[in-house]
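Undergrad: Mind looking over this structure? Questions follow.
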Amino acid sequence: MKISIITVVWNNAITIKDAIDSVLSQTYKNIEYIIVDGASTDGTVEIVQSYGQKISTFVSEKDNGLYDAMNKGISLATGDIVGILNSDDFYINEYVIEKVVKEFEGKKVDSVFADLVYVKSDDINKIVRYYDSSYFNPDKFAYGWMPAHPTFFVKREVYLAHGYFKTDYKIAADYELLVRFLFKNFISYCYIPEVLVKMRMGGVSTSWRSIYINTFEQLRACKENGVQTSLVKLFYKYPQKLLGYIKKAKVIR
């Protein structure tokens, strides 16, 4: 089983090496690693190029934003399974892809997801929040909940059948895609009760303005895909996120 992993990056020379090293260190070797760069000027391109042929495909050119770049990576993928690892993120150990493949082969499902932890950007050993995907079922989309997207792996044929990321979403295209896949089109899934990814705090969806945009985009995504919800339901997820901070001390297996 071939796994395509896509990393999208733009001017992130500070952390891109951690992401790359976490992919290249995996014990599972049938990996196609695709890096899509948005024409970086900060040294990112040189870092990626220093890995030579260890990177299966490297593209560096201007794009129309994060989700356009992700779509570009998916269109280049040739694996049976596709996973997306952000340039600020990294796999928690070298056994992640091996475990993911085992789930696909054993459970015969269309997709797999797991837990992740948020860590401090200046201290990756300091856990700030625990994202527990075990609470997810498709009905939770109405409350703004989704599986942790950086842990989400899906058969490439699902993208071919049901579409890529919608690039007119600014923040919540990943949420919309998961709603479309898991709720509207009923693809099968299983949950791995482990942390697979560490994510540095920060990113595009952490300011109050971004929270506002994200919530209204989630409302739109639900309407487009037949999920009955409301703004009140969608805002419900924010106090619930506090549980993630309480659970930050949970032991990572």
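Undergrad: Tell me, what ³J(HN,Hα) does each residue in the stretch 71-85 have, in order and in whole Hz, if you take phi through Karplus 6.51 cos²θ - 1.76 cosθ + 1.60 with θ = phi - 60° and put x for Gly and Pro?
TA: For the stretch 71-85, the Karplus-derived couplings read 4, 4, x, 5, 5, 8, 5, 10, x, 6, 10, 10, x, 10, 10 Hz, x marking Gly and Pro.
Undergrad: Same structure, new question: Through the Karplus equation 6.51 cos²θ - 1.76 cosθ + 1.60, θ set to phi - 60°, convert the phi angles of the stretch 193-199 into ³J(HN,Hα) values in whole Hz; use x for Gly and Pro.
TA: Each residue's phi maps through the Karplus curve to give x, 8, 7, 10, 9, 9, 10 Hz.
Undergrad: How many angstrom lie between the Cα centre of the stretch 166-205 and the Cα centre of the stretch 18-56?
TA: The stretch 166-205 and the stretch 18-56 have Cα centres separated by 22 Å.
Undergrad: Which percentage, to the nearest 5, of the DSSP beta bridges contained in the stretch 3-249 is antiparallel?
TA: Percentage antiparallel, nearest 5: 35.
Undergrad: Here's a follow-up. Can you classify the stretch 5-75 as rounded, prolate or oblate using the Cα gyration tensor, where a ≥ b ≥ c are the square roots of its eigenvalues, rounded means a/c under 1.5, and otherwise it's prolate if a/b beats b/c and oblate if not? All intermediate terms of the calculation are to be shown ahead of the outcome.
TA: Numbers: a/c = 1.93, a/b = 1.28, b/c = 1.51.
Here the stretch 5-75 falls in the oblate category.
Undergrad: Which residue, V96, A221, N64, has the largest displacement toward the positive end of the dipole of the stretch 3-249 when charges sit on each Cβ (Lys, Arg +1; Asp, Glu -1)?
TA: A221
Undergrad: Moving on. Mind listing the long-range amide H neighbours of M199? Cut-off is under 5 Å, sequence gap 5 or more, other chains count too, H placed in the peptide plane at 1.01 Å from N.
TA: V117, Y118, V119
Undergrad: Under the 0.36 nm per residue contour assumption, what length would be gained going from the current alpha-carbon distance of N125 and V59 to full extension?
TA: Fully extending the segment from N125 to V59 adds 20.6 nm.
Undergrad: Another question, then. Taking the Cα centre of the chain as the origin, how large is its charge dipole in debye, to the nearest 20, when only Lys and Arg (+1) and Asp and Glu (-1) carry charge on their Cβ atoms? Could the numbers behind the result be given before it?
TA: Numbers: 32 positive and 29 negative charges, 176 e Å.
For the chain, the charge dipole is close to 840 debye.
Undergrad: What does the charge add up to near K108, with Lys and Arg as +1, Asp and Glu as -1, over the other residues with Cβ less than 15 Å from its Cβ?
TA: -2
Undergrad: Given H placed on each backbone N at 1.01 Å, which residues far from N12 in sequence or on other chains put an amide H within less than 5 Å of it?
TA: T44
Undergrad: With unit charges on the beta carbon (Lys/Arg positive, Asp/Glu negative), name the residue among A19, C190, I211 whose Cα is farthest towards the positive pole of the charge dipole of the stretch 3-249.
TA: I211
Undergrad: Enumerate the calculated ³J(HN,Hα) couplings along the stretch 52-65 in order (Karplus 6.51 cos²θ - 1.76 cosθ + 1.60, θ = phi - 60°), each rounded to whole Hz, writing x wherever the residue is Gly or Pro.
TA: x, 6, 5, 8, 5, 9, 10, 10, 10, 6, 5, 9, 9, x
Undergrad: I'd like the distance separating the alpha-carbon centroids of the stretch 134-155 and the stretch 57-130, in whole Å.
TA: 14 Å
Undergrad: Name the residues whose placed amide hydrogens come within less than 5 Å of the amide hydrogen of S56, ignoring near sequence neighbours (fewer than 5 apart) on the same chain.
TA: For S56, whose amide H was placed from the backbone, the distant partners under 5 Å are Y33.
Undergrad: Output the peptides 5-15, 163-173 sorted from most to least packed, where packing is the average of other Cβ atoms within 10 Å over each peptide's residues.
TA: The packing order, highest mean first, is 5-15, 163-173.
Undergrad: In nanometres, what is the gap between the two model label sites at A161 and E224, each 7 Å from Cα along Cα-to-Cβ?
TA: 2.0 nm
Readers should treat all values here as calculations from the given coordinates under stated rules, not as data from a laboratory. Given the structure is predicted, the values throughout are model-derived calculations rather than measurements. Note that each Cβ is placed from the backbone with ideal geometry, even for glycine, and that neighbours are counted across all protein chains shown.
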